[in-house]
Amino acid sequence: MKLAIRLKKRVNRSWQVDIMLILLLGVFGAFMAVPLIYVINNAFKPLDELFIFPPTLFVRNATFDNFTDLFKVMKNSWVPFSRYIFNTFFITAAGTAGHILLASAAAYPLAKHKFRGHKVLFTVIVLSLMFSPHVTAIPNYMIMSVLGWIDSYQAVVIPAFAYPLGLYLMKQFMEQIPDALLEAAKIDGASEYRIFWQVVMPLVKPAWLTLLILMMQMLWGTDGGSFIYSEQLKTMHYAMGQIVQGGIARAGVGAAVAVIMMTVPIVTFVLSQSNVIQTMASSGMKD
Amino acid sequence: MQKTKIAAEIMMQPKGRSAGLQGKWELFVKDMKRDRHSYVLLAPYVLLFLLFTVFPVVISIFFSFTHFNMLEPPHWIGWENYSKLLWNDDVFLIGLKNTMIFAVITGPVSYIACFVFAWLINELNSKVRAFMTLVFFAPSISGNVFFIWQIIFSGDSYGIMNGFLMKIGIIYEPILWLQNPQYMLTIIIIVQLWLSLGTSFLAFIAGLQTVDRTLYEAGAVDGIKNRWQELWFITLPSMRPQLMFGAVIQITSSLAVADVAMALAGFPSVQYGAHTVVTHLVDYGTIRFEMGYASAIATVLFILMLGSNLVVQKLLKRVGE
């Protein structure tokens, strides 16, 4: 049956257009991939290869010099490079964990209960997807200074808990959970909190991974913005910026940092891709 | 019959209104009690959301009508910030113009690209599909490694672009790509597009996979001749919810160009060639500390983003109707 549908669909296609579309995909795929391939190769190029004219895309004699140099360079700076790595990991992990927990807790009643104010609340959440955090950056700076959070991890981590996109996606995903399941748990005498924790949360695992990817997009690349001043609290992205500012002499080291930065989110995405796509299927905006 | 009704009305009359109010109040309390668990679950998120998203928008609008530098208390100056912004601040107008250029190009192009590539990828078999999804999504998740483009468009002959063009003999001297306002905007647009296949791209891929297969079969029976008709009459209408979600994400990010511009063209850029509303905001808010004026810029940005999103949502609702 499935094959029949497939075949019927194929009837409509001309192979000329097929080839054109695959070419299109190939050309733009290359456009997306080449810069990343280039930087990965640069990270393994010895010094003389980095500065040949004309520049080459692929490395010939790969070395790990750039990575060892990186740790050498960073040992002489104020804080060791491992500290930047720790900060980035810590901010991402803490922000993501808190966000997944709080956003799921809020998404459950929004998706499944018709309490007073649920429509207003959800409308406000959707509206808040319609402007970027730049709009609130200045008042947030004032709020942080009133709270005394300037120059601390929590200035970056705590606001991330209440990022609207995660709640939105989680709520849309939770709507698919059959009500009968929740009713059955209720009849068995489970409290709302237990239903949330033991029935709903395990069912929305794909959405956790999606929120993880989104938070990673936001927090992994953060440089601490205007909230963090102390060198020992700065992130890897900030360190990378400093190294790249160092100019040509640091080109190889800069590429090495970029590779370290890229690896974690890309590996995470590869491992969670099918779950993320499953969650995104319910991302649509119904009226 | 008539009598009892009148009697009932008379009995109700003395405390009719207060009874109604009281009834409403009781209902309210009852509802609150019934849903108390919902409110408890919502509370932590909602409190933080109010504190870091809703409240900031409100105070930003308030401060936009004041003069405020964080040292002296704010004082009310009415529309002065706005009139200065729109009539006396040439740099803001340059920023606004660049923002519009970025938005008008990167917004629609990235939106269409997200859809077209998702659509093409969806035709492939599942292993290739997973790989191509990664290829297209990788730049946007790679943690701001867009500085690579700084090396590609580096102004000396070691930059890939200069090296390549000199090698094939199109130019004889390296071009200062990122210092020349003539090229700056184009390069930032290219990099912005490179980064733009993010959340909406994934939403579209997912949406395409959920389109009901039997619709295509039915369509073929109903006389759909080729893939373009299939796309227009079946795929697009079935994906409307995802298309609307994607539009919000792409519009918002296309109006918020700043990080890429600041990283590549410098801040401030030569002749303000890559200045945008957001970099103007950064300038006044985090360097000059003119918070009142910066709040006015933020409010303009807020209206710009919300306005264009709401208009586009209205338009998209009509697709396929």
* Which value at 222 nm does chain B reach when only helices count, each DSSP H run of 4 or more adding -39,500 (n - 2.57), with the total divided by all residues and rounded to the nearest 500 deg cm²/dmol? -> -21000 deg cm²/dmol
* To do: Rank A:GLY252, A:VAL73, A:PHE196 by how far each Cα sits towards the positive end of the charge dipole of the protein assembly as shown (+1 on Lys, Arg Cβ; -1 on Asp, Glu Cβ) and give me just the farthest.
  => A:PHE196
* **About the Cα centre, charge dipole magnitude for the range A:90-212 (Lys/Arg +1, Asp/Glu -1 at Cβ), debye** => 200
* Structure fact -> Longest principal axis of chain A (C-alpha) makes with the long axis of helix A:118-128 (C-alpha) an angle, in degrees to the nearest 10, of 20
* To do: Assign unit charges at the C-beta atoms only (+1 for Lys and Arg, -1 for Asp and Glu), then state the dipole size of chain A relative to its Cα centre in Debye, rounded to the nearest 20.
  => 900
* Asked: Residues with amide H under 5 Å of B:ILE77's amide H, sequence separation 5 or more or different chain, H placed in the peptide plane at 1.01 Å from N; which?
  -> B:THR66, B:HIS67
* Asked: Under a point-charge model restricted to the Cβ atoms of Lys and Arg (+1) and Asp and Glu (-1), what is the dipole moment magnitude of the protein assembly as shown relative to its Cα centre, in debye to the nearest 20?
  -> 2140
* **Estimated [θ] at 222 nm from DSSP helical runs (n ≥ 4, -39500 (n - 2.57)) normalised by residues in chain A, nearest 500** => -21000 deg cm²/dmol
* Asked: Cα centroids of the range A:49-78 and the range B:65-116: how far apart, whole angstrom?
  -> 41
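Let me check against my output: what whole-number percent is the relative contact order of the range A:73-280, with C-alpha pairs under 8 Å and at least 6 apart?
32
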* Asked: In what order do A:SER230, B:SER140, A:SER145 fall by count of nearby beta-carbon atoms within 10 Å, going from fewest to most?
  -> A:SER230, A:SER145, B:SER140
* Asked: If you take the charge dipole of the protein assembly as shown about its Cα centre, with +1 on Lys and Arg Cβ and -1 on Asp and Glu Cβ, which of B:PRO241, B:PHE62, B:MET184 is farthest toward its positive end?
  -> B:PRO241
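Per residue of B:199-207, what is the mean number of Cβ atoms on other protein chains within 10 angstrom of that residue's Cβ? All intermediate terms of the calculation are to be shown ahead of the outcome.
Working: counts 9, 2, 1, 11, 9, 2, 5, 10, 6.
Mean number of neighbouring Cβ atoms from other chains: 6.
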* For the range A:210-287, which chymotrypsin sites (Phe, Trp or Tyr not before Pro) are both in a DSSP coil and crowded by at most 14 other Cβ atoms within 10 Å? -> A:TYR229
* Going by C-beta contacts inside 10 Å, put B:GLU217, B:GLU290 in order with the fewest on the left. => B:GLU217, B:GLU290
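Which trypsin sites (Lys or Arg not before Pro) in the range B:185-228 sit in a loop by DSSP (not H, G, I, E or B) and have at most 16 other Cβ atoms within 10 Å of their own Cβ?
Answer in residue order: B:LYS225.
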* Compute the acute angle (0 to 90°) between the alpha-carbon long axis of helix A:137-147 and the principal axis of greatest extent of the alpha-carbon atoms of chain A; round to the nearest 10°. => 80
* HN-Hα J couplings of the range B:61-69 from phi, Karplus 6.51/-1.76/1.60, θ = phi - 60°, integer Hz, Gly and Pro as x? -> 5, 4, 5, 5, 9, 10, 9, 8, 10
* To do: Mind checking which of B:VAL104, A:ALA207, B:GLY169 is farthest towards the positive end of the protein assembly as shown's charge dipole, using Cβ charges of +1 (Lys, Arg) and -1 (Asp, Glu) about the Cα centre?
  => A:ALA207
* Structure fact -> For the range A:200-287 the trypsin sites (Lys or Arg not before Pro) that pass both the DSSP coil test and the at-most-14 other-Cβ-within-10 Å test are A:LYS286
* To do: For the range B:38-55, take each phi angle, set θ = phi - 60°, evaluate the Karplus expression 6.51 cos²θ - 1.76 cosθ + 1.60, and give the result in whole Hz per residue in order, putting x for glycine and proline.
  => 4, 5, 5, 5, 6, 3, x, 5, 5, 4, 5, 5, 4, 5, 9, 10, 6, 4
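Values quoted throughout were computed directly from the atomic coordinates according to the rules given, and no laboratory measurement underlies them. Since this is a predicted model, take the numbers as computed values, not measurements. When we count neighbours, we look across all protein chains shown, and the Cβ atoms used for this are built from the backbone with ideal geometry, even at glycine.
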